[in-house]
Each structure stands twice: as C-alpha cells, then as structure tokens.
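One structure below.
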Amino acid sequence: MNAAAPLLLDLDSFLARAEERGTPLDARAADAVLGLLALSRARRRTGLPEPTEELAEELLHTLLPLYVSAAADELPGFVAVLIALADHTHEAGRLNAKRRAKLVARVHELAEGFVQAMTSPRRVTWPRLYGNLLRADGVDAADARAVRDWVAAFAARPYADRHTAHGFALHRGDGPLGEAAYVEALCAERSRQARLLLAGRLEAEALAEQVRPRPGESPLIRDAPAGEPDDELEAWYDEQAGILADRWTAAGLDALLRGPYAHLAPGGGVPAPLLTLAGAMAEQHLEMYGDDFAPMPPAPLPATPEEQAARLRAVPLPRLLEQAAVEPEGADERTRELALAAGFLVPAHDGALSAGPSAETWREGGPAELTGLALNVLGALLAQLAEEEETAEDFAGEHLLTLYLLCERSGMTQSVARLAAQEDMWFVPPERENTPDGTVPATGDYELPDLRALSEILGIPGLTEADREGLRSPAARLVCLMDRLAALGVTERTGDALSLTPLGSSLLRDALLLGLGGEAADVFPSWAQMLAWDAERLVTAARYWPKPVARRTLGGWLALQGPGGWTALFGALAAGGPLEEGARRRALLGVLDGMAVPGEALHALLADRVLGGWAEHTLHALGHPPVTSAVPLSARAVYLVDELEAIRLAASLDHRMTAGPDQEEPELFADLHAGFDKAAADWPGGGPALLTALARADPYTSAFLAQQLSQHPDRTTAEQARRAWRTFRTSSTARSPHTTKPAKRAGGKRKRR
C-alpha cells in the first residue's frame with residue numbers, strides 16, 4: 001500500500017506487528033488513521049504518528065467522518081487501530097502506562113460519538129456517500145474499473161431512485177419541506193471544505209518539513225515540490241488530496257466525481273445559496289429575539305406539499321431559468337448569472353455553459369426537491385438584488401430583513417408607502433394599523449398616495465410635497481425589489497397593497513427552521529401547530545407579535561377552544577413576571593373583541609386580583625355594569641396602571657410627531673396629569689395612596705409614571721412619586737438583567753422629514 005501513497009508511513013510494518021500479536025487490523029482503517037493523524041501534525045518520533053486525547057477526538061469526530069467510507073460493522077476497526085497505535089507508542093517509550101491507560105479510556109468514550117458521526121446523513125461528503133453506496137452493493141472499492149462501472153450505472157438510474165439512494169429525504173410532518181435539499185447542500189459544502197482542508201494540510205506539512213523539520217522525524221510527504229509557481233503547487237497538492245480521498249473511499253472515484261459524473265456531486269464551487277439564506281434567516285431571528293427560539297406568528301401556508309409544488313410550477317422565474325439551461329445563448333446576462341448561481345447552468349473547463357443539476361430537479365423533482373430548488377433560487381436572487389443598481393442594499397442583509405419583517409406580519413397586507421418610510425428610517429408610529437391606500441392604481445408604475453392619504457397611512461401629520469418627493473426613491477426601490485421577488489411567487493403587490501404569499505411564507509419558514517436546527521421545531525409554527533398550543537404558550541409568543549396579527553391568531557385559537565378557552569386565556573394573561581412581562585401580557589387584552597367574551601366569563605373574572613378591573617370596565621362598556629364590590633382594589637390598580645401608561649405613551653408619541661426638532665418633552669404631560677388626578681379623586685387616600693397601589697400592582701410600569709408624576713403640582717403627591725421612582729431605581733428589579741425576551745432591534749436611526 002505504501003508504494004501508491006503520497007504519505008511516507010511504514011504502514012506494512014505496523015500491520016505485520018499487529019498480525020504477530022494475534023490482533024490483526026483492517027489495512028484500510030489503519031491507512032486512514034495513520035495518515036490523518038500524521039497530517040494533524042502528530043509527533044512521529046517512533047516512525048508513526050503518536051496519538052493524544054486531543055488528536056483522537058479530532059480524528060474520530062471530525063476527520064474520519066470527512067474522508068472515510070465505511071459500513072457500520074467496519075467502524076470498530078478504526079477504534080482498534082487507534083488503540084493499537086497507543087500501544088505501539090507506549091512500547092516505544094513515548095507514552096507512559098498511566099497516560100496510555102487514560103488515552104485508551106478516552107478513545108472508548110469517543111467511540112459512541114464516532115459511530116453517530118459516521119452514520120449521520122448530515123455528516124457525509126459526496127465521496128464518502130458514494131463509497132458507502134457502492135460497498136453496500138458489493139462492489140470491490142479497490143477496483144477502479146468496477147467503481148467506474150458502478151458510477152456509470154448509478155448515473156443511468158431514474159432521478160427519483162438516485163435521490164432515494166442518497167438518503168437525504170428527511171421531511172417530517174410540520175418540519176421544513178426543504179430539509180432534504182438542505183442536507184444535500186451540507187454534503188456538497190462539507191465535500192468542498194474537506195478537499196480544501198486536506199490539500200491545505202498536505203501543503204502545510206510539506207512546507208514545515210522544508211523550512212523547519214522536527215528532530216528525529218523522517219519526511220512525510222513523498223516528492224513534495226518546492227519553488228514552483230503557486231498555481232502549479234496548488235494543482236499538485238489538490239491531486240495528492242484526490243489520491244488520498246480515493247484510498248479512503250473508492251479507487252478512481254475522485255476523478256469521476258470531478259469529471260464526467262460531476263453532476264452526481266453538485267455544489268463543489270461555492271456554498272449553495274440555500275445554506276447562505278438559512279444561515280442569514282436564523283441570524284436575523286436571533287438578533288431580533290435572542291436565543292430563546294421565540295415563535296413567530298403563524299402565517300397562511302400551502303395546505304399540502306403537492307399544493308406547494310403546484311404553486312412553484314406556476315411562477316415564471318424557474319421556467320425562465322429552465323429555458324436558460326436549454327439555450328444559454330438566448331438568455332440575457334441577468335438571467336444567465338442567476339441560472340449559474342442557482343445551478344440551472346454550470347460552466348465547463350472551456351468556458352461553455354451547459355445544463356446544471358437544478359434543471360433536472362425542475363423537470364423531475366417532487367415537492368421536497370422543488371422546495372429546495374426554490375430556496376436556492378431565492379438565496380441567489382437576494383444576492384443578485386443586493387448588488388444591482390436599482391435594488392442595491394444599504395447594508396448587508398437589508399433585503400432579508402425586509403422579508404423577515406413581512407414574516408412578522410403573518411402574511412397580512414401591508415402598505416408599500418409605509419414599509420418604504422420605515423426602511424428609509426422615518427419615525428412611523430408603531431401602533432398604527434397598516435392599511436394600504438386603495439386609490440393607488442393597480443397597474444402601471446407605482447405612485448405614492450397623495451399627501452392627505454400618505455399622512456393618514458404613516459400617522460405623520462403635516463407632511464409636505466417635499467416629504468412625499470423624498471419618499472419616492474425608497475418606494476421605487478422597494479417596489480422593484482418586491483416585483484422581482486414576485487417572479488418567484490414570494491410576494492404579491494397590487495398598487496399600494498403588498499404581502500407575502502403563502503408560498504413566500506412557506507419558503508422563509510423553511511429557511512428559518514433549517515438555519516436554527518432541530519431545537520427550534522415551532523419557532524415558525526403552522527396554524528395547526530399554533531392551535532395545539534396551550535394558553536400559556538400562546539400568550540408567551542403573542543405578547544411580541546404586532547397587534548393585528550395577535551388579534552387574528554388569538555381569535556382563531558379561541559374559536560377552536562370554545563367557551564373554556566377564555567378561562568385558560570385569562571389565566572395566562574394575568575400571569576406576571578419580571579420587568580415588563582406582566583404589562584406585555586395584559587396588553588393582549590386590547591386585541592380581544594370584548595363583544596365576543598362570554599358574559600359569564602367576564603363576571604367570573606371580576607374577583608381576579610389582576611384582571612378584575614379590566615372585566616369591570618368591559619362590562620360597563622357592554623352596558624352590563626357589575627356589582628362593583630366584587631372587584632379587588634388591587635385589580636383596579638392594575639387596570640389604572642395600564643390605562644395611565646397608555647396615556648403617557650400616547651402623549652409622548654404625539655409630542656414626537658408634532659414638536660419642533662429641539663423641543664423637549666414637558667416634565668409632566670398634561671393628559672397624564674389630568675388622567676391621574678381623575679383617578680386619584682376616586683381612590684381611597686387620594687394621589688399618594690394611588691401611587692403606592694400602582695407600585696404594588698406593577699413596579700416596572702408604574703415607575704415610569706412615577707418619574708413624570710414627580711413633577712406633580714401637589715407636593716405630597718410629587719414627593720410620593722419621587723420616593724417610588726428612587727425605590728425602583730435602587731431595587732433588584734431595576735438592576736437585574738432582562739430575564740424575558742430582549743427588546744427588538746430598533747433598526748437604526750429614525751428620521752422624520
């Protein structure tokens with residue numbers, strides 16, 4: 001075996017010694033273990049690499065799963081080689097008995113993870129995969145002719161058979177439909193990185209031997225060149241990496257998968273757009289919500305995989321890319337670039353373009369394969385749009401952020417003008433309903449709404465024609481972006497009305513779930529998943545959703561639960577927590593339809609120490625005033641905390657929207673002053689007692705009321721407010737880290753024209 005190897009290791013003597021001891025070793029396993037350890041810069045003072053615990057872990061959990069094909073029953077042979085090598089190192093005097101025992105124990109500990117890594121579909125490379133498949137078919141992997149015949153026969157098998165043989169089909173229930181395509185893309189990327197890593201280790205070892213050889217160690221790399229041009233050196237080390245890859249997988253396989261059968265191992269050039277998209281989507285979610293996998297709101301999705309496939313086949317962009325694969329010279333430059341990035345076209349060594357693997361997937365693929373194809377096209381399209389002049393991004397990932405924010409709106413229709421203003425960093429009141437302008441023409445070039453309608457949509461009074469003109473360019477860029485995405489069926493727009501399609505929500509859902517991995521099973525739930533939640537899970541998620549989305553989702557959940565659902569929901573809404581947790585939960589009361597709450601549920605809620613005041617107020621609004629003595633004073637304090645805080649926030653927002661640029665907020669808003677005095681007039685003990693009750697009801701929310709009320713003209717009330725504010729600022733509550741979900745990113749600076 002040594003004669004054909006690019007590594008100078010005395011493998012035969014090592015195998016012969018094992019044979020003499022009556023513990024024969026598998027030659028191919030020994031070749032791989034010794035070679036990979038040597039390329040990991042293991043010391044070789046005994047003539048063979050000397051294992052350590054760290055090197056053993058890297059070998060078993062990283063390197064062997066990158067480079068070696070092996071059936072499950074062959075895996076113990078690799079562990080046996082490593083233990084035999086530890087024994088050899090001990091016998092040579094380079095490892096004492098205690099360290100040898102510790103190393104062997106560690107190898108046995110690592111063995112279980114080694115088996116998992118070697119058998120996981122997410123850990124294969126193309127050479128490993130095909131090496132495993134041909135061995136399973138009984139092919140002699142050392143016979144290059146037999147390997148070539150098997151590969152040729154495999155290539156002739158139907159598309160569906162080949163994909164089934166790969167073992168990537170992993171879709172389960174509500175999981176991402178594109179999971180198989182994602183695992184295939186991981187295989188392609190691991191293959192690419194493995195080849196680069198192996199060639200790099202060969203070159204690094206050869207360079208180290210030439211520049212600073214280690215005492216007592218003979219050369220490892222056979223006939224390593226020196227002083228050649230960089231491209232020649234790169235080609236030589238790449239060739240040597242191919243020789244090693246064949247020894248550890250199957251003879252001649254490397255040349256086949258990089259030559260006439262390259263279509264069987266796609267993705268060797270750059271990372272698949274699908275991987276980039278999934279990673280970016282996950283990064284965006286973690287930036288927004290932290291690492292607690294907070295769920296996004298459910299959105300309308302295609303009902304079945306077959307419906308999703310039908311929607312994909314009905315959109316124009318994949319058909320355009322398929323045509324480019326048939327006639328590359330007939331496609332425009334933009335289409336050819338996209339077809340290359342998405343795998344519909346591949347370049348030959350002579351520069352000619354031919355149909356790539358995505359063209360076959362489009363023709364032959366089922367729902368899962370088409371979904372993976374669409375994710376690749378979407379990732380490639382976003383990258384292209386980020387660079388083109390009409391849609392160039394102001395910062396990396398800007399377009400994905402736009403799509404992510406549309407996901408948060410759960411497929412609900414948005415106003416182009418409003419979204420463009422938000423992207424241009426205008427300060428747009430966040431609580432305002434996002435209703436598109438119906439007067440914008442449905443066809444032709446997009447036109448912003450007139451000034452009156454624009455002010456209404458944005459919630460910004462007094463806009464001028466100059467303001468409208470300043471929004472024209474951001475709106476045009478957004479429309480161009482959305483209309484290009486509409487060609488893939490991701491978005492749809494009519495005039496000023498814009499939304500994600502069910503197909504778009506499904507593709508972005510897949511990208512997010514794939515990027516976050518198995519721990520985030522319901523981070524973007526389907527409606528069926530959401531309807532199966534209990535009330536606590538629903539409220540925990542919905543407290544951060546936009547109000548129109550929360551209204552629709554809670555309404556759907558309650559409709560399924562029946563009357564008993566109200567009791568469970570109220571229990572979850574009444575739950576408190578650190579900092580603003582309780583207030584966020586109670587804010588969902590504002591999205592409920594009071595008319596729909598059963599009267600008996602409201603009357604039963606009157607005695608609740610948290611929500612009794614809200615129930616009392618709702619019954620008054622419905623014309624059914626309750627027996628007021630049933631409501632605890634603490635519940636009325638909770639209701640007043642929320643009511644006064646709403647007044648404060650509204651006054652602050654009104655000031656921001658109408659005041660001059662240098663005009664600071666008043667120390668005490670007039671509306672808050674009036675609202676507090678009105679409540680204090682009916683509260684036992686007046687203003688100071690009310691402040692105490694508010695602080696007990698919700699220390700976090702009441703603290704910001706107290707800060708303003710410290711300027712109250714009544715000295716007793718003002719002093720009580722200052723005391724409450726000081727108490728909050730020095731309390732553990734104020735100083736503790738935020739134990740609930742972090743606030744969402746503001747999105748950068750805001751401007752108002």
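Quick note: the coordinates plus some simple rules give every number you see, no bench work behind them. The structure displayed is predicted, hence computed values, not measured ones. Don't worry about glycine lacking a Cβ; one is built from the backbone with ideal geometry, like all the others, and counts go over all protein chains shown.
Report the one residue of T23, V115, L95 whose Cα lies farthest in the direction of the positive end of the charge dipole of the range 2-119 (charges on C-beta: Lys and Arg +1, Asp and Glu -1; origin at the Cα centre). The residue sitting most towards the positive pole is L95. Couplings 3J(HN,Hα) of the range 433-444, computed from phi: 4, 9, 10, x, 7, x, 8, 5, x, 6, 10, x Hz, in residue order, whole Hz [Karplus 6.51 cos²θ - 1.76 cosθ + 1.60, θ = phi - 60°; x for Gly and Pro]. When each of S410, S455, S69, S506 is scored by the number of other beta-carbon atoms lying within 10 Å, the sequence from fewest to most is S455, S410, S69, S506.
Between amide H atoms placed 1.01 Å from N, distances below 5 Å from I221 occur with L8, all of them 5 or more places distant or on a separate chain. Between R313 and M657, the FRET efficiency from the beta-carbon distance, with R0 = 45 Å, is close to 0.40. Dipole size of the range 2-119 about its Cα centre, with +1 on Lys/Arg Cβ and -1 on Asp/Glu Cβ: approximately 560 debye, rounded to the nearest 20. Rounded to two decimals, the Cα-based Rg/Rh of the range 38-146, with Kirkwood Rh, is 1.03.
This model, with +1 at the C-beta of Lys and Arg and -1 at the C-beta of Asp and Glu, gives the range 96-153 a dipole about its Cα centre of some 560 debye.
Here the range 550-629 and the range 667-698 have alpha carbon centers that stand 24 Å from each other.
Computed from Cα positions, the angle between helix 715-730 and the longest principal axis of the chain comes to roughly 10 degrees. Rounded to the nearest 10 degrees, the angle from helix 367-387 to the longest Cα principal axis of the chain is 80 degrees.
In the range 272-527 the Cα-Cα distances spread across 10 Å bins starting at 0 as 7, 29, 34, 22, 8, 1, 0 percent of all pairs.
Between A681 and A596, take the C-beta separation as r, use R0 = 25 Å, and let me know the FRET efficiency to the nearest 0.05. Efficiency, rounded to the nearest 0.05: 0.15. Over the range 324-377, the fraction of Cα-Cα pairs per 5 Å bin, rounded to whole percents and listed from the shortest bin up, is 5, 23, 30, 23, 13, 6, 1.
By the count of neighbouring beta-carbon atoms within 10 Å, fewest first, R509, R201, R609 end up ordered R609, R201, R509. In the chain, helices alone account for a calculated mean residue ellipticity at 222 nm of -18500 deg cm²/dmol, with every DSSP H run of four or more residues adding -39,500 (n - 2.57). With respect to the chain, whose longest principal axis is taken over its alpha-carbon atoms, helix 11-20 is tilted by about 80°. Three principal axis extents describe the C-alpha atoms of the chain; from largest down they are 99, 70, 52 Å. Cα-based values for the range 550-656, radius of gyration first and Dmax second, are 14.1, 43 Å. Taking each residue as 0.36 nm, the span from A466 to A607 lengthens on full extension beyond its C-alpha to C-alpha distance by 45.2 nm. Using θ = phi - 60° in the Karplus curve 6.51 cos²θ - 1.76 cosθ + 1.60, the 3J(HN,Hα) couplings for the range 66-78 round to 8, 10, 10, 8, 6, 6, 4, 6, 8, 4, x, x, 6 Hz; x is entered for Gly and Pro.
Hey, with R₀ at 30 Å, roughly what FRET efficiency would S218 and E58 work out to, going by the Cβ-Cβ distance, to 0.05? That gives a FRET efficiency of 0.85.
Placing unit charges on each Cβ (+1 for Lys and Arg, -1 for Asp and Glu) gives the range 339-391 a dipole about its Cα centre, and among T391, G379, G365 the Cα reaching farthest toward its positive end belongs to G365.
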